[in-house]
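S.K.: Submitted below is the structure of interest, expressed as structure tokens.
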Amino acid sequence: MNRLSPPAVWMPLGALVLLFIAMLLVGGPGSELDRGILIAAQHAELVPAARMLTTVGGWAVVIPITLLGAAWLLYRRHRRQALLLCGLLLSERALVEAFKELFDRARPDPHGHLVVVNSMAFPSGHAANAMTLGLGFALLVVPAARRTSAVLAALVFAAAIGLSRPILGVHWPSDVIGGWALGAAWTLLLVRLFAADPRQGTSAVRPH
């Protein structure tokens, strides 16, 4: 992938930040729209699939997948991308936890939780994990010739993981959208800042 021009990164990045802020301000326990969508998502027939998908978006699965991706990059002698992939996921997780503590948004009614949760609601860590992992692989691991398809697959993957959370009653829809926005923005930012090799003046994200 050639190094992205500033408008190609900063305009989407700004839009994602604004979306994150909007979900923080208008969503949550006091939002009738959030509550209505959450109730509409409660379908018993979707629960088994949601349980499976939500497991994939958990940290216990994300870590091994990230390490496998980094190992492949190291095998291909792309040390910079391997370090960036690991740093991307670790820093995203730390950022999510910091925001959860800072914003202190309550989750939906605990009696409706179909899986165990033990942190605050905003933003959704599963949604952020899935978006960061998917886009991280698409931009850093997948060969350039397949990158467009990989990005689309990443978005579908993140959508599936994120949607599982309201179905399981553990997140407001705005938590999920906020998580997606955070994961996408953080990935674009770090790839923009650190994927380029200053010694060569070109992007380190190139065909494998």
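S.K.: Could you pull out the residue among Leu24, Leu38, Leu68, Leu16 that is at pLDDT 95 or above and surrounded by fewer than 18 Cβ atoms within 10 Å (Cβ to Cβ)?
M.R.: Testing whether each residue is at pLDDT 95 or above and surrounded by fewer than 18 Cβ atoms within 10 Å (Cβ to Cβ) leaves just Leu68.
S.K.: Is it the case that Gly169 is modelled with pLDDT of 95 or more and either outside any helix (DSSP H, G or I) or touching a Cys at 6+ places or on another chain (Cβ under 7 Å) (or both)?
M.R.: Numbers: modelled with pLDDT of 95 or more: yes; either outside any helix (DSSP H, G or I) or touching a Cys at 6+ places or on another chain (Cβ under 7 Å) (or both): yes.
So Gly169 fits the description; yes.
S.K.: Being free of Cβ contacts under 8 Å to residues at least 40 places away in the same chain, assigned to a helix (DSSP H, G or I) and not aromatic (Phe, Trp, Tyr) is true for just one of Ala160, Ala71, Ala145, Ala127. Which residue is that? Talk me through it step by step, then tell me what you get.
M.R.: Working: Ala160 fails: free of Cβ contacts under 8 Å to residues at least 40 places away in the same chain; Ala145 fails: free of Cβ contacts under 8 Å to residues at least 40 places away in the same chain; Ala127 fails: free of Cβ contacts under 8 Å to residues at least 40 places away in the same chain.
After ruling out the rest, the residue left standing is Ala71.
S.K.: Hey, among Arg77, Arg51, which residue is among the basic types (Lys, Arg) and either surrounded by 14 or more Cβ atoms within 10 Å (Cβ to Cβ) or assigned to a helix (DSSP H, G or I) (or both)? Step through it out loud before you land on a result.
M.R.: Values: Arg77 fails: either surrounded by 14 or more Cβ atoms within 10 Å (Cβ to Cβ) or assigned to a helix (DSSP H, G or I) (or both).
Just one listed residue meets the conditions, Arg51.
S.K.: Tell me which residues, restricted to region 81-93, are surrounded by fewer than 17 Cβ atoms within 10 Å (Cβ to Cβ) and in contact (Cβ under 8 Å) with a residue 60 or more places away in the chain. Break it down stepwise before answering.
M.R.: Taking region 81-93 as the starting set, the residues that turn out to be surrounded by fewer than 17 Cβ atoms within 10 Å (Cβ to Cβ) are 83, 87, 90-91.
Listed by number, the residues that qualify are Gly87, Ser91.
S.K.: All but one of (1) exposed (fewer than 13 other Cβ atoms within 10 Å of the Cβ); (2) within 22 Å of Ala158 (Cβ to Cβ); (3) of a type outside the set (D, E, K, R); (4) without any contact (Cβ under 8 Å) to a residue 24 or more places away in the chain hold for His43; state the number of the condition that does not hold.
M.R.: Condition not satisfied by His43: (4).
S.K.: Among the residues of region 141-164, write down those that are crowded, with 24+ Cβ neighbours inside 10 Å and more than 13 Å from the chain's Cα centre (by Cα).
M.R.: If the condition is that a residue be crowded, with 24+ Cβ neighbours inside 10 Å and more than 13 Å from the chain's Cα centre (by Cα), then Ser164 is the only one that fits.
Residues checked against (1) farther than 21 Å from Leu163 by Cα; (2) β-branched (Val, Ile, Thr); (3) modelled with pLDDT of 95 or more:
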position: Gly112; (1), (2), (3): no, no, no
position: Ala121; (1), (2), (3): no, no, yes
position: Ala127; (1), (2), (3): no, no, yes
position: Pro143; (1), (2), (3): yes, no, no
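S.K.: Quick check on this structure: which one of Ile21, Ile65, Ile37 is out of contact with any Asp or Glu (no Cβ under 6 Å at 6 or more places or on another chain) and free of Cβ contacts under 8 Å to residues at least 40 places away in the same chain?
M.R.: Details: Ile65 fails: free of Cβ contacts under 8 Å to residues at least 40 places away in the same chain; Ile37 fails: free of Cβ contacts under 8 Å to residues at least 40 places away in the same chain.
The unique qualifying residue is Ile21.
S.K.: Next up: Residues that are under 24 Å from Val47 (Cβ atoms), part of a helix (DSSP H, G or I) and in contact (Cβ under 8 Å) with a residue 12 or more places away in the chain: does region 94-112 have at least one? Lay out the reasoning, then the answer.
M.R.: Going through region 94-112, the residues under 24 Å from Val47 (Cβ atoms) turn out to be 105-112.
Next, only the ones that are part of a helix (DSSP H, G or I) stay: 110-112.
Now narrow it down to the ones that are in contact (Cβ under 8 Å) with a residue 12 or more places away in the chain: 112.
Yes.
The values are calculated or read from the model by the stated rules, or taken from the named source; none is laboratory data. What you see is a predicted model; the values in this text were computed from it and never measured. Here the Cβ is made from the backbone with ideal geometry for all residues, glycine too, and neighbour counts use every protein chain on show.
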